[in-house]
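Any read-out appearing in this document is the output of simple, stated calculations on the displayed coordinates, not a laboratory observation. Quick caveat: nothing in here was measured; it's all calculated off a predicted structure. Cβ atoms come from the backbone with ideal geometry, glycine included; neighbour counts cover every protein chain shown.
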Amino acid sequence: MYILAIRSFQASAYKFIVERYMNNHAIYLERCLALAQLAASEGENRVGSVVVLDGEIIGEGYEKSRTLNDVTRHAEVVAILDAITKKGNCRGATLYSNMEPCLLCSYVIRHYQISTVVLSKYCGQLGGTNPQFNLLTTNEITTWIKAPAVIIES
Ligand SMILES: [Zn+2]
């Protein structure tokens, strides 16, 4: 009886955590989509990104490569630099993007030790999870910490 009560409590706690976790993903991905819409309205690729730490958005950005004539200003990089400016680092944070981070963004994500990446759409050959060039997910670069968890939310 005691064990059943514990299992019941664990199941409800698990359900609460899963629901809350999933709702948070949806909330942050919605913010990415709003930022992506801003990018599109400025003639950019439709990509937006936020960096979240302890439930707080500490950085956000959207595609600015064409506007700034700077190929490095992808949404994820802009969001990470915003977080760095505000908080000093992104270690252990979660990055959300409506698009899979590309190789350029993957390098920046790994450099700043972001621990989780949530995306809603793969970007193809230049994506950081592409098995041929998996810069986002590889653990073979020994000077980097463990690769971030990658979560796909559609
Ligand atoms: Zn990128």
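Things to note:
- Residues satisfying the stated conditions in segment 102-138, i.e. among the aromatic types (Phe, Trp, Tyr), crowded, with 16+ Cβ neighbours inside 10 Å and in contact with a helix residue (DSSP H, G or I) (Cβ under 8 Å, 6 or more places away or on another chain): TYR112
- The residues listed here are LEU119, LEU103, LEU81; of these, the one that is closer than 22 Å to VAL71 by Cα, in contact (Cβ under 8 Å) with a residue 12 or more places away in the chain and touching a Ser or Thr at 6+ places or on another chain (Cβ under 7 Å) is LEU119.
- Considering segment 42-90, the residues that are of a type in the set (Ser, Thr, Tyr) and closer than 20 Å to GLY128 by Cβ include one that is surrounded by the most Cβ atoms within 10 Å (Cβ to Cβ), namely SER49.
- Tally, over segment 39-57, of residues that are more than 17 Å from GLU100 (Cβ to Cβ) and assigned to a helix (DSSP H, G or I): 2
- Residues considered: ALA93, ALA147. Of these, the only one that is surrounded by fewer than 22 Cβ atoms within 10 Å (Cβ to Cβ) and not acidic (Asp, Glu) is ALA147.
- Sub-6 Å Cβ pairs linking a first residue in segment 37-48 that is within 15 Å of ARG73 (Cβ to Cβ) and within 16 Å of the ligand (Cβ to nearest atom) to a second residue that is charged (D, E, K, R) and outside any loop (DSSP other than H, G, I, E, B), at least 6 apart or interchain, are GLU44/ARG66, ordered by first then second residue.
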